[in-house]
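The values are calculated or read from the model by the stated rules, or taken from the named source; none is laboratory data. What you are looking at is a predicted structure, and each value in this text was computed from that prediction instead of being measured. Neighbour counts are summed over all protein chains in view; Cβ atoms, including those assigned to glycine, are modelled from backbone coordinates with ideal geometry. Just the protein is used for accessible areas: all its heavy atoms, side chains included, with ligands, DNA and RNA removed. Shrake-Rupley method; radii C 1.70, N 1.55, O 1.52, S 1.80 Å.
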Amino acid sequence: MAVDILIGLQWGDEGKGKIVDVLAPTYDIVARFQGGPNAGHTLEFEGTKHVLHQIPSGIFHPEIKNIIGNGVVLDPVVFRTEMQKLQDRGVDAANNLFISKKASLILPSHKVLDRVSEEALGSGKIGSTLKGIGPTYQDKIGRVGLRVGDILADDFREQYNKLVERHRKTVEFYGQELELGEQEKNFFEAVEYLRTLQLVDSEYMINEALQSGQRILAEGAQGALLDVDFGTYPFVTSSSTIVAGACTGLGVAPRHIGEVYGIFKAYCTRVGSGPFPTELLDEVGENIRQAGREFGSTTGRPRRCGWVDLPSLKYSIMLNGVTQLNMMKADVLTEFDTIQVCTHYKLPSGEITDKVPHSMEADELEPVYETLPGWKVDLNKIESIGELPEAFNNYLIFLEKHLQVPITIVSVGPDRKSTLKREVVNA
């Protein structure tokens, strides 16, 4: 069997959690392969909204095993709170959740480092969520970080103190003091809770499942345009958000990769700083924000909104080898008489291109749009693919022509049931 992978193709917040929840019943295992509590996967069903930050989105299916992979950075405090919220809603996540011993630990001091380093950037700040993600990945790459498996060691407290002292010196370099107080107490209480759960060598677990014929879905966080190598650097996250990150984040060989589901919105959003060629700073952008409830599920920050960007989508599709596209939030564009689609960029030199340049910000890209008619139909009420209005179907066909990948799922509302599966003969 193969590992199928679900990837966000924009700047995150595409709706990956909902699609994982929809696809999950056909899989035996759902595994998260990178990121940390800076990600927020929102699922909505039976009138209730659920937001997951570190736990895989298959957790609401008790028959499915959920794995937090080695590529994830785990905050024990946030994790314990997340588990408690699930418990309060009648979900006993401890039974079908497994955590890699090689996953990195976010310490309270990582969050302080995140804050002081972001403050030091001044007007050039990255737009960090201040959850300690970047500093934790820095320690991982610097080979000084702590991992989940370390909490089982007798000298864990000594290892912790050694790393915190290292962080203290860095914070002092910025002219501030490292004060942890209650955060440290909460951290160790959460570590005690973490010790009671199923901590595993997840790379063996996943590969043994593959050998026994089980189906695995790998779930990414953020989006391809936030990838540390291929995203809009330096305004990116600190991990590999593309398909290649699933190999290193779970211990899966490339030959085991099967389907790649690429998730994108019918428009585009971004949270935090960084280039955004199709951003709308007008009433249209605000209308999209309000209609789409575009506020961060982790931070609550209003998302920047704009029209769909085909050059960046084609770039993400290329990097990830996408085999199927899933379009989210189509219902948000219902009110518009016309829909704009960015098909190319105009460079400062006057050149027209459909390729993403080395630096979107430095090149000051001007989007080149094509205008399509809107559909002016409430898609929220549509229950089958055959009921979709002609103008909307034409929008799908237009996108497929440019992207050269079939759109197999269309989401027309936030609820689990508002997900239409589409068969495409000639995309």
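Evaluated against (1) touching a strand residue (DSSP E or B) at 6+ places or on another chain (Cβ under 9 Å); (2) closer than 17 Å to residue 73 by Cβ, residue 214 falls short on exactly one condition, (2). Taking the listed residues 165, 192, the one that is within 20 Å of residue 92 (Cα to Cα), among the charged types (D, E, K, R), in a helix (DSSP H, G or I) and over 25 Å from the mean Cα position of the chain (by Cα) is 192, with no other qualifying. Checked against (1) open to solvent by less than 30 Å² (accessible area, probe 1.4 Å); (2) more than 20 Å from residue 291 (Cβ to Cβ), residue 412 meets all criteria but (2).
Are any residues in the range 369-384 open to solvent by less than 40 Å² (accessible area, probe 1.4 Å) and not aromatic (Phe, Trp, Tyr), and if so, which ones? Explain how you work it out, then say what you get.
Of all residues in the range 369-384, those open to solvent by less than 40 Å² (accessible area, probe 1.4 Å) come to 372, 374-375, 379, 382.
Scanning the range 369-384 gives 372, 374, 379, 382.
Of the residues making up the range 20-38, those that are farther than 21 Å from residue 264 by Cβ and either of a type in the set (S, T, N, Q) or open to solvent by less than 20 Å² (accessible area, probe 1.4 Å) (or both) are 26, 27, 29, 31, 36, 37.
Please work out which residue is nearest to residue 418 (Cα to Cα), limiting yourself to the range 291-340 and to residues that are among the polar types (S, T, N, Q) and modelled with pLDDT of 95 or more.
By that ranking, first place goes to 326.
Out of the residues in the range 3-17 that are crowded, with 24+ Cβ neighbours inside 10 Å and touching a Lys or Arg at 6+ places or on another chain (Cβ under 7 Å), state the one that is modelled with the lowest pLDDT. The residue in question is 13.
Per the listing 288, 257, 263, the residue uniquely modelled with pLDDT of 95 or more, open to solvent by less than 20 Å² (accessible area, probe 1.4 Å) and under 27 Å from residue 32 (Cα atoms) is 263. Residues that are basic (Lys, Arg), in contact with a helix residue (DSSP H, G or I) (Cβ under 8 Å, 6 or more places away or on another chain) and surrounded by fewer than 20 Cβ atoms within 10 Å (Cβ to Cβ): does the range 385-405 have at least one? No; the residues of the range 385-405 include none that is basic (Lys, Arg), in contact with a helix residue (DSSP H, G or I) (Cβ under 8 Å, 6 or more places away or on another chain) and surrounded by fewer than 20 Cβ atoms within 10 Å (Cβ to Cβ).
Of all residues in the range 89-99, count the ones that are under 17 Å from residue 190 (Cβ atoms) and either surrounded by 19 or more Cβ atoms within 10 Å (Cβ to Cβ) or of a type in the set (Asp, Glu) (or both). Talk me through it step by step, then tell me what you get.
Our first condition is that a residue be under 17 Å from residue 190 (Cβ atoms); within the range 89-99, this holds for 93-94, 97, 99.
Those still in the list that are either surrounded by 19 or more Cβ atoms within 10 Å (Cβ to Cβ) or of a type in the set (Asp, Glu) (or both) too: 93, 97, 99.
Of the residues in that region, 3 qualify.
Within the option set 183, 176, being out of contact with any Leu (no Cβ under 6 Å at 6 or more places or on another chain), farther than 30 Å from residue 274 by Cα and among the polar types (S, T, N, Q) holds for one residue only, 183. The residues listed here are 218, 190, 224; of these, the one that is out of contact with any Ser or Thr (no Cβ under 8 Å at 6 or more places or on another chain), farther than 22 Å from residue 144 by Cβ and among the small types (Gly, Ala, Ser) is 218.
Inside the range 321-343, residues that are open to solvent by 60 Å² or more (accessible area, probe 1.4 Å) and touching a helix residue (DSSP H, G or I) at 6+ places or on another chain (Cβ under 9 Å) make up a count of 1. Residue count for the range 85-133, restricted to those that are at pLDDT 90 or above, in contact with an Asp or Glu (Cβ under 8 Å, 6 or more places away or on another chain), under 30 Å from residue 174 (Cα atoms) and outside any helix (DSSP H, G or I): 5.
Listed here are the residues, each with its yes/no results for (1) of a type outside the set (A, V, I, L, M, F, W, C); (2) more than 25 Å from the chain's Cα centre (by Cα); (3) over 24 Å from residue 228 (Cα atoms).
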position: 335; (1), (2), (3): yes, yes, yes
position: 339; (1), (2), (3): no, yes, yes
position: 359; (1), (2), (3): yes, no, no
position: 364; (1), (2), (3): yes, yes, no
position: 373; (1), (2), (3): yes, yes, yes
position: 384; (1), (2), (3): yes, yes, yes
position: 409; (1), (2), (3): no, no, yes
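Checking the stated criteria, residue 142 turns out to be within 15 Å of residue 238 (Cβ to Cβ) and at pLDDT 95 or above. The residue list 96, 161 contains one member that is in contact with a Lys or Arg (Cβ under 8 Å, 6 or more places away or on another chain) and of a type in the set (S, T, N, Q), which is 96.
Checked against the criterion of being under 21 Å from the mean Cα position of the chain (by Cα) and of a type in the set (Gly, Ala, Ser), the candidates 249, 213, 181 yield just one match: 249.
For the range 156-211, the set of residues classified as open to solvent by 60 Å² or more (accessible area, probe 1.4 Å) and in contact with a strand residue (DSSP E or B) (Cβ under 7 Å, 6 or more places away or on another chain) consists of 198 only.
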